[in-house]
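The values are calculated or read from the model by the stated rules, or taken from the named source; none is laboratory data. Quick caveat, the model's predicted, so the values are computed rather than measured. With ideal geometry, Cβ positions are generated from the backbone for all residues, glycine too; neighbour counts draw on all protein chains shown. SASA here: full protein model, heavy atoms, side chains in, ligands and nucleic acids out. Shrake-Rupley method; radii C 1.70, N 1.55, O 1.52, S 1.80 Å.
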Amino acid sequence: MNISKDFTWEEMLYSDTAKVNGIKNVPEREERMAIEELVKRLLQPLRLAYGGPIRITSGYRCAELNELVGGVPSSQHVKGQAADCMIRGNASELLGLVLAHKLPFDQAILYRKRNFLHLSIRPENNREKVLFK
Ligand SMILES: [Zn+2]
C-alpha cells in the first residue's frame, strides 16, 4: 500500500532484523501519522528533486527492534519520524538536494563511509541540524 506516489508502507516498516527475530514492527496511530508526514513533507519531495529511486534501509522501528539494531532509545526512528536513505550514487547528493530545495527537516546525518543519509522531521520546531559521521 502506498503512502505517496513512490513510497509504500511496506518499505517504511520493513526490517531484516525484525523478520529474522519474529518482531512485528507495527506502528501505533501516532507513529503512523509521523511516518506519513515524513514521507509526504520530506521523502517524496526529495524523491522528485532527485529524480531516481531512493531506497529506505531503515524507517520505523518499534522499541524492541530499535534496541536490537543498537539504536539509541531516543531515536526518532521509534517515533516514526526518521528514515535512512540510500541511492545508487553518493548519499551526499541527497543532502545537497534537501538543502538546495529548502525541504523541511529536523536532522540530517550523513554517514559517509556507509553511504546513507539519515533524515528526520518533527511536526514543528524542526532544528535543521546537519551532522557528518
Ligand atoms: Zn537513522
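Can you tell me which of P104, P73 is surrounded by fewer than 20 Cβ atoms within 10 Å (Cβ to Cβ) and modelled with pLDDT under 95?
Sole residue among the options that is surrounded by fewer than 20 Cβ atoms within 10 Å (Cβ to Cβ) and modelled with pLDDT under 95: P73.
Could you please give the count of residues in the range 70-79 that are out of contact with any Lys or Arg (no Cβ under 7 Å at 6 or more places or on another chain) and farther than 14 Å from I109 by Cα?
Residues meeting the conditions: 5.
Please verify whether T57 is β-branched (V, I, T), outside any loop (DSSP other than H, G, I, E, B) and out of contact with any strand residue (DSSP E or B) (no Cβ under 6 Å at 6 or more places or on another chain), treating the condition exactly as stated.
When the stated conditions are applied, T57 does not pass them.
Can you tell me which of (1) touching a residue at least 40 places away in the same chain (Cβ under 8 Å); (2) closer than 16 Å to P104 by Cβ is the one K40 doesn't meet?
So K40 meets the others, but not (1).
Here are some residues: A18, A83. Which one is assigned to a helix (DSSP H, G or I), touching a residue at least 24 places away in the same chain (Cβ under 8 Å), of a type in the set (A, V, I, L, M) and at negative phi?
A18
Suppose we filter the range 10-26 for residues that are open to solvent by 50 Å² or more (accessible area, probe 1.4 Å) and of a type in the set (G, A, S); how many remain?
So the answer is 1.
Only one of L95, L99, L46, L42 is open to solvent by 70 Å² or more (accessible area, probe 1.4 Å), away from the ligand (no atom under 12 Å from the Cβ) and not in a loop (DSSP other than H, G, I, E, B). Can you tell me which?
Going through L95, L99, L46, L42 in turn, just one is open to solvent by 70 Å² or more (accessible area, probe 1.4 Å), away from the ligand (no atom under 12 Å from the Cβ) and not in a loop (DSSP other than H, G, I, E, B): L99.
Would you please list the contacts, defined by Cβ atoms under 6 Å and residues six or more apart or on different chains, that run from a residue in the range 109-133 that is in contact (Cβ under 8 Å) with a residue 12 or more places away in the chain and at positive phi to a residue that is open to solvent by less than 100 Å² (accessible area, probe 1.4 Å) and of a type in the set (A, V, I, L, M)?
N115/A91
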